[in-house]
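The values are calculated or read from the model by the stated rules, or taken from the named source; none is laboratory data. From a predicted model like this one, the values you see are computed outputs, not experimental measurements. Cβ placement follows ideal geometry from the backbone for every residue including glycine, while neighbour counts extend to all protein chains displayed.
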């Protein structure tokens, strides 16, 4: 069962453009994480958000957790080719460490 | 390099066969997780171990089993393989396996069932 839906599924943009990726669910999450995965490698954690409405910034990346803790967004400013990869959101529904992963957004930044 | 190692990197086998995937966690991590990633199902949590004991179970088939050994390495056993089992299998590890404890993923094992 897929609890988290991401949109868009695929995104191809020019270097320097801005973009937003969305992660939506009908379930409430105790915490939500964003990962980036490059071809042939495992996902790498970018950020963890735990409080409804929380906003975290990581250089050109801005992450927001929805007020109701059911959704999240990732905004990238002035995208660079190095941002290319598969972006995954993952939510935990309890106090455990079991995360449910989203459907993924494949981002390509063209130089 | 996450510090998590997985072997083998690639595995090609036939339907009906049994394979074992191995994972060594980062030094000091007590918890190990197994995930399956396929094009149609995305990244699916299979099972979690903490210090040798099963802690959580996800979408793991009965044909699959896992264990974590006293030295904390883990093995995922896949039996009676079917074409649909072809996927990337990732192992991840974390220190405590609770809350928002960061999971570090290995490079994966690509399984192809012919």
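Exactly one condition in (1) within 11 Å of chain B (Cβ to nearest Cβ); (2) surrounded by 14 or more Cβ atoms within 10 Å (Cβ to Cβ); (3) within 15 Å of the chain's Cα centre (by Cα) is not met by residue A:30; state its number.
The number of the failed condition is (3).
Which one of these is at pLDDT 95 or above and under 24 Å from residue B:108 (Cβ atoms): A:42, A:85?
A:85
Every residue in the stretch A:85-97 that is surrounded by fewer than 19 Cβ atoms within 10 Å (Cβ to Cβ) and part of a loop (DSSP other than H, G, I, E, B), please.
A:93, A:94, A:95
Being over 12 Å from the mean Cα position of the chain (by Cα) and either more than 12 Å from every other protein chain (Cβ to nearest Cβ) or crowded, with 17+ Cβ neighbours inside 10 Å (or both) is the filter here, so list the residues in the stretch A:42-55 that pass it.
Answer for the stretch A:42-55, where residues must be over 12 Å from the mean Cα position of the chain (by Cα) and either more than 12 Å from every other protein chain (Cβ to nearest Cβ) or crowded, with 17+ Cβ neighbours inside 10 Å (or both): A:42, A:52, A:53, A:54, A:55.
Within the stretch B:3-23, is there a residue that is in contact with a helix residue (DSSP H, G or I) (Cβ under 7 Å, 6 or more places away or on another chain) and either assigned to a strand (DSSP E or B) or touching a residue at least 60 places away in the same chain (Cβ under 8 Å) (or both)?
yes
Just the residues that are exposed (fewer than 13 other Cβ atoms within 10 Å of the Cβ) and closer than 13 Å to residue B:85 by Cα, please, taken from the stretch B:21-58.
Correct list: B:39, B:40.
Which one of the conditions (1) modelled with pLDDT of 95 or more; (2) more than 12 Å from the chain's Cα centre (by Cα) does residue A:22 fail to meet, given that it meets all the rest?
Condition not satisfied by residue A:22: (2).
Name every residue in the stretch B:60-99 that is within 7 Å of another protein chain (Cβ to nearest Cβ) and surrounded by fewer than 18 Cβ atoms within 10 Å (Cβ to Cβ), in order of residue number.
Those that are within 7 Å of another protein chain (Cβ to nearest Cβ) and surrounded by fewer than 18 Cβ atoms within 10 Å (Cβ to Cβ): B:98, B:99.
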